[in-house]
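The values are calculated or read from the model by the stated rules, or taken from the named source; none is laboratory data. Remember, predicted model here, so these are calculated numbers, not experimental data. Because the Cβ atoms are built from the backbone with ideal geometry, glycine has one as well, and the counts that use them run over all protein chains shown. The area values use the complete protein model at the heavy-atom level, side chains included, leaving out ligands, DNA and RNA. Shrake-Rupley method; radii C 1.70, N 1.55, O 1.52, S 1.80 Å.
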Amino acid sequence: MSENKKSSSKNMTVATVLVMIGLIFSKCSGLLRDVLVGMKFSDTVYRDSFFLAFTIPDLVFNLLVGGSIQSAITPSLSAAVSAGEEKKGWRAVNIFISVVGSVLVLVCILGVVFSDQIFMLYASGKNNMDTIHLASQASKWLFPQIFFMMLAALCIGILNAYKRFSSTAFGPTVYNVFVLLSILVFAGNSESKLTMTTCGIMGAAVIYFLFQFIIGFDKLKQLRFDFKPRDPEFVALFKRALPILISASIVQVNTVILNFFTGSFEDSGYISALKNAATTWQLPYGIFAVAVGNVMLPSLAALYASKDYEGASTMLSSRLKSALFLTIPSAGIMFVLNKEVIKALFQWNSAYTDSDASRSGIFLMGYSIAIITHTVVFIMNQAFYAIGKTKVPLFAGCVGLITNPLFCYIFIKSGIGPLSLTLAYSLTSIFTLVILCVVYNRDKSLSPKGMVPFLVKSFGCMIIMSFVLFVLNKVMPEGQGKIMSLMFLAVKGVCAVIVYFTGAFVLKMSEATDFISGIRRKLLRR
């Protein structure tokens, strides 16, 4: 390997670790947000309303902004900078954001005005109408938040194009900290307190944008309002971004679908239970897969642009294996210890009951498959965006929009119960994964190498780990009291990790040996 490639690989590793640390802070602060929601909104109607209020604004954000910044603007600007055409790249970016931002302002105004009518989408089955009304009122502050979240995402996308990952790693944590403050100060079981909480969250989005803008001002000062929707460069960028915009919104559409089907079950609390389970499975996925994929995107785009297809294949193989090596055991742990994990994360007082934990635990079992499948889906999507084939993820996502509600309906009618929702979501992700992998592997020069032996070894280690964990769970039940419960869960988790890594080391998996060698080198230095 040449010195340049070694240096590039080392820089990518450092950037991935840095982004991963930032995501750990972001995910942990986001988890704490959900814990506080459970404590401050002790009434499940208000708790459900809080989480439901975000679904439509989040859908609008993903539909109009979403992945376009990370997957269209970032590689486009990165390629322009690499080619010495920075001004040309900035011109296209400025026009794109000016046009999309103008449309977004109009949509936000319409969202505030017609929020009551929009949230009637959820008026089906046994859904609580009080919950829907409260969610629509709370969302009136969340629609304006979208604009500032767009600006913050823009700042991050531009700085990532310059590979300034240290400037973007901790912005989401800043946002979450102020969200936590809003919940602590305003949250409670009344409509006025619910609305004040979402108002405070909009303020957190403003601070989030200002933080990112100040941190990256040396690059972001080139931002200009340039409204030219007929400009050829804008049209080309928009055509590239449009499939990504739709693809990015599909995840949120599926979330809306799952929330809609919660109306098939009796009682309130299923919306917040679904959200708690989603927050939990996205901890390992969001920390490992997202960090790897986001750092990989600009580098993979550059390799493809320079026609270094062997380098692109090697990079994709390495990134997939690195992410899956960590998310596969995470899925096994969350499947076996679903209720215990939920209780450890969310049950901090009597407001969060054992029934709440049981509902979320059932959902988490279904989601555990998605930890693995969505890791592959996310990284493969990034690979398609890097090579400019944005329509393939769109097609795969659209197939998912058909299979997700179809599976939900079939499983619910079959009497599977609440597990139907997340099981349908995970099975849908398998369909998406298969489509992406089959299409990408048509070009053998770009396809990842050595994946089958890696997956056989990883799943073998995970199955052994899960069996040991299952036996441990029978021998060592839940502890009495919060501290003992956490200690017992920690012991089981540590044993599971040791078993998995031991198996991987015995099988001579490079991911395990590299990890252990790194720790050994650090210990020797000390």
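Treating the Cα atoms of the range 185-285 as identical point scatterers in vacuum, please give the log10 of the normalised Debye intensity I(q)/I(0) at q = 0.10 Å⁻¹, two decimals. So the normalised log intensities are -0.57.
Out of these labelled values of P(r) over Cα pairs in 20 Å bins from 0, in percent, (i) 21, 50, 25, 4, 0; (ii) 21, 58, 21, 0; (iii) 21, 54, 25, 1, which was calculated from the coordinates shown here? Given (i) 21, 50, 25, 4, 0; (ii) 21, 58, 21, 0; (iii) 21, 54, 25, 1, the calculated one carries the label (ii). Here each label is just a point 7 Å from Cα along the line to Cβ, and for residue 106 and residue 193 those points are 4.0 nm apart. A simple charge model with +1 on the Cβ of Lys and Arg, -1 on the Cβ of Asp and Glu and nothing else charged puts the dipole of the chain at about 1640 debye relative to its Cα centre.
Using alpha carbons only, the radius of gyration of the range 383-526 set against its Kirkwood radius gives Rg/Rh = 1.08.
Under the criterion of Cα pairs below 8 Å and six or more residues apart, the relative contact order for the chain equals 19 percent.
Mean separation of Cα pairs under 8 Å and 6 or more residues apart, divided by the residue count, gives the range 309-374 a relative contact order of 40 percent. Straight-line reach from residue 339: taking Cα to Cα under 16 Å and skipping same-chain neighbours fewer than 8 places apart, the aspartates and glutamates in range are 354, 356, 478. Normalised by 2.2 N^0.38 Å, where N is the number of residues, the C-alpha radius of gyration of the range 232-340 stands at 1.44.
Once the Cβ-Cβ distance of residue 225 and residue 83 is raised to the sixth power relative to R0 = 22 Å, the FRET efficiency obtained is 0.30. Each peptide in 389-396, 463-470, 331-338, 47-54 was scored by the mean count of other Cβ atoms within 10 Å over its residues; highest first, the order is 47-54, 331-338, 389-396, 463-470.
For the chain, the solvent-accessible area works out to 43 Å² per residue, with a probe of 1.4 Å and every protein chain left in place. Loop-located trypsin sites (Lys or Arg not before Pro) in the range 288-374 (DSSP state not H, G, I, E or B) with no more than 14 neighbouring Cβ atoms inside 10 Å: 307. Extension gain for the segment residue 130 to residue 406, taken as residue separation times 0.36 nm less the Cα-Cα distance, is 96.6 nm to one decimal. For the chain, the fraction of 1.4 Å probe accessible surface lying on carbon and sulfur atoms is 68 percent. Answer with one residue from 269, 252, 379: the one whose Cα lies farthest towards the positive end of the charge dipole of the chain, charges on Cβ with Lys, Arg +1 and Asp, Glu -1. Ranked along the dipole, the leading option is 379. In this label model, residue 445 and residue 42 are separated by 6.6 nm, measuring between points 7 Å along each Cα→Cβ vector.
Working ranking of peptides 134-145, 206-217, 444-455, 150-161 by packing, defined as the average number of other Cβ atoms within 10 Å per residue, highest first, is 150-161, 134-145, 206-217, 444-455.
Stretching residue 181 away from residue 491 to a fully extended chain increases their span by 108.3 nm, per 0.36 nm per residue minus the current alpha-carbon distance. Please label the shape of the range 84-213 as rounded, prolate or oblate, based on the square roots a ≥ b ≥ c of the eigenvalues of the alpha-carbon gyration tensor (a/c under 1.5 means rounded; beyond that, a/b larger than b/c means prolate, else oblate). Oblate is the answer for the range 84-213, as a/c is 1.5 or above yet b/c matches or exceeds a/b.
For the range 314-402, taking the reciprocal of the average inverse distance between every pair of different Cα atoms yields a Kirkwood hydrodynamic radius of 15.1 Å.
Distance check, please: which entries in 307/449; 275/389; 275/343; 40/275; 343/492; 221/391 exceed 21 angstrom between their Cα atoms? Flagged as over cut-off: 275/389; 221/391. How high is the relative contact order of the range 384-526, in percent, with contacts defined as C-alpha pairs under 8 Å that are six or more residues apart? After rounding, I find 17 percent.
Using the Cβ-Cβ distance between residue 233 and residue 482 with R0 set to 60 Å, the FRET efficiency works out to roughly 0.55. Farthest toward the positive end of the dipole of the chain, out of 426, 456, 487, is the Cα of 456, where the dipole comes from beta carbon charges about the Cα centre.
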